[in-house]
Amino acid sequence: MINFFFKSTGINLSLFIRYFGLMLILTGLAGNAAGQNEESEYKITILPVPSIGYSPETKTYLGAVSLFTIKNTSDTLTRTSNAKIEFNYTWNKQIIAEAGWNYFFPEEKWFTRGILHYSKYPDLYYGIGFNTPVAAEIKFQSNRFIFEVDMLRQIQKNRFFGFGITYKSYGNIENQTINISYPELKNESNLGLEALLLTDSRNNILTPSDGIYFEFSNSFNFGSSFYYKTSLDYRRYFGWGNSDKNVLAGRVYHSGIIGNPPFYDFNMIGGDKFARGYYLGRFRDKNFSTLQLEYRSPLLWRFGLATFGGLSMIVDTFQNINNESFKPNAGVGLRFLTDKNEGTNLRIDYAVGAHNQSGFYISFGESF
């Protein structure tokens with residue numbers, strides 16, 4: 001069955017085993033070395049590793065990633081911050097370079113997060129709507145630049161209010177499929193200004209096992225046309241057990257758009273973060289809602305297991321909701337603890353959805 005799975009997904013099994021084994025060894029050594037200097041008040045742990053991953057959008061990818069965990073104070077009020085710098089090349093001939101951060105100032109009086117992303121990215125497009133057929137698929141390529149930064153001020157314990165700015169640009173778009181044309185598939189850029197309210201009592205940003213995350217945001221976006229986007233993201237984590245916790249995690253997410261966004265800024269089902277098991281962008285529209293549940297349990301040594309699933313809805317307006325608007329997903333996963341001090345996991349998931357969709361994912365940190 002395992003051989004059948006790897007053949008069906010196009011992954012070289014022996015290559016996967018070699019790279020995964022190398023990653024386990026290197027991350028284990030780096031994690032042990034990082035814990036030796038515990039007396040310093042300001043401590044940065046750097047975990048440089050070769051990266052290997054897989055997703056439906058990229059297929060297998062190889063590259064390098066440096067994961068940073070930052071403890072900038074000895075007070076017990078401030079959680080550990082994190083950052084990453086990553087470069088990958090994929091089997092789909094995509095080039096991806098990205099830096100991201102989540103940083104708490106002392107006593108968490110301020111919090112900032114952001115992403116700087118560049119990619120040269122061959123991709124698939126199916127049009128807009130919850131029932132686009134497979135026959136509508138076209139291939140296109142674009143150069144993508146994304147810059148997002150939020151700055152938030154603590155207004156109560158674990159509660160923040162602030163503003164953000166986002167700039168997205170899709171340029172040098174090339175349609176690689178003849179005789180199929182989508183007028184919206186063109187060079188675009190937009191600037192977004194956002195106000196957001198955030199409650200975050202999670203005990204760990206990358207691998208939470210307890211606490212609440214709630215974010216409500218409103219953004220005003222300016223591009224070829226003006227549009228308004230609002231989103232709500234609620235996550236709850238229940239952990240029990242001793243040092244190796246069993247965790248039940250739940251997520252409710254909704255995003256809605258008023259106006260006419262560029263094709264890339266429609267809400268999309270799928271990917272590594274929302275409804276695993278669907279190709280990101282297979283279905284896209286103005287309104288997207290999802291309910292996701294995940295149960296994580298320890299297995300042995302540094303390994304753990306996860307099962308997850310949920311139900312999503314994607315539609316242009318709520319008046320047009322029907323059975324085809326709803327998209328279920330379910331999956332299983334394996335976890336490997338790469339950093340004992342900070343509880344960071346290497347995550348391997350396989351998920352299935354409707355319409356013969358499925359996805360295999362390898363990544364650091366939990367999906368949510």
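The values are calculated or read from the model by the stated rules, or taken from the named source; none is laboratory data. Just so it is clear, the model here is predicted, and its values are computed rather than measured. Ideal geometry is used to build each Cβ from the backbone, glycine not excepted, and the neighbour counts take in all protein chains shown.
Looking at (1) touching a Gly at 6+ places or on another chain (Cβ under 8 Å); (2) assigned to a strand (DSSP E or B); (3) buried (at least 20 other Cβ atoms within 10 Å of the Cβ); (4) at pLDDT 95 or above, can you tell me which one G333 breaks? Here G333 clears every test but (1).
Residue by residue, here is whether (1) in contact (Cβ under 8 Å) with a residue 24 or more places away in the chain; (2) among the aromatic types (F, W, Y); (3) surrounded by fewer than 23 Cβ atoms within 10 Å (Cβ to Cβ); (4) in a strand (DSSP E or B) holds:
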{"position": "D272", "(1), (2), (3), (4)": "yes, no, yes, no"}
{"position": "Y278", "(1), (2), (3), (4)": "yes, yes, no, no"}
{"position": "G281", "(1), (2), (3), (4)": "yes, no, yes, no"}
{"position": "S289", "(1), (2), (3), (4)": "yes, no, yes, yes"}
{"position": "L293", "(1), (2), (3), (4)": "yes, no, yes, yes"}
{"position": "R296", "(1), (2), (3), (4)": "yes, no, no, yes"}
{"position": "L305", "(1), (2), (3), (4)": "yes, no, yes, yes"}
{"position": "L311", "(1), (2), (3), (4)": "no, no, yes, yes"}
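Is one or more of the residues making up the range 112-127 without any contact (Cβ under 8 Å) to a residue 12 or more places away in the chain and either within 30 Å of T73 (Cβ to Cβ) or assigned to a loop (DSSP other than H, G, I, E, B) (or both)? Quick ask: steps written out before the conclusion?
In the first step, residues of the range 112-127 are kept if they are without any contact (Cβ under 8 Å) to a residue 12 or more places away in the chain; the result is none.
No, there is no match, as no residue in the range 112-127 is without any contact (Cβ under 8 Å) to a residue 12 or more places away in the chain and either within 30 Å of T73 (Cβ to Cβ) or assigned to a loop (DSSP other than H, G, I, E, B) (or both).
Among the residues of the range 91-134, those identified as acidic (D, E) and within 20 Å of the chain's Cα centre (by Cα) are E98, D123. Please count how many residues of the range 220-254 are surrounded by 20 or more Cβ atoms within 10 Å (Cβ to Cβ) and either in a loop (DSSP other than H, G, I, E, B) or polar (S, T, N, Q) (or both). Residues flagged as surrounded by 20 or more Cβ atoms within 10 Å (Cβ to Cβ) and either in a loop (DSSP other than H, G, I, E, B) or polar (S, T, N, Q) (or both) within the range 220-254 amount to 1.
Please go through the range 272-286 and pick out each residue that is closer than 20 Å to L185 by Cα and not charged (D, E, K, R). Once the filter is applied, which keeps residues that are closer than 20 Å to L185 by Cα and not charged (D, E, K, R), the range 272-286 yields Y279, L280, G281, F283. When we screen N88, N102 for residues that are surrounded by 16 or more Cβ atoms within 10 Å (Cβ to Cβ) and in contact with a Leu (Cβ under 8 Å, 6 or more places away or on another chain), the only hit is N88. In the range 336-354, the residue that is surrounded by the fewest Cβ atoms within 10 Å (Cβ to Cβ) out of those that are in a loop (DSSP other than H, G, I, E, B), touching a residue at least 40 places away in the same chain (Cβ under 8 Å) and not polar (S, T, N, Q) is K340.
Scanning the range 81-104 for residues that are part of a loop (DSSP other than H, G, I, E, B) and touching an Asp or Glu at 6+ places or on another chain (Cβ under 6 Å) yields a total of 0. Considering (1) of a type in the set (D, E, K, R); (2) surrounded by fewer than 17 Cβ atoms within 10 Å (Cβ to Cβ); (3) in contact with a Ser or Thr (Cβ under 8 Å, 6 or more places away or on another chain), the lone condition that E184 does not fulfil carries the number (3).
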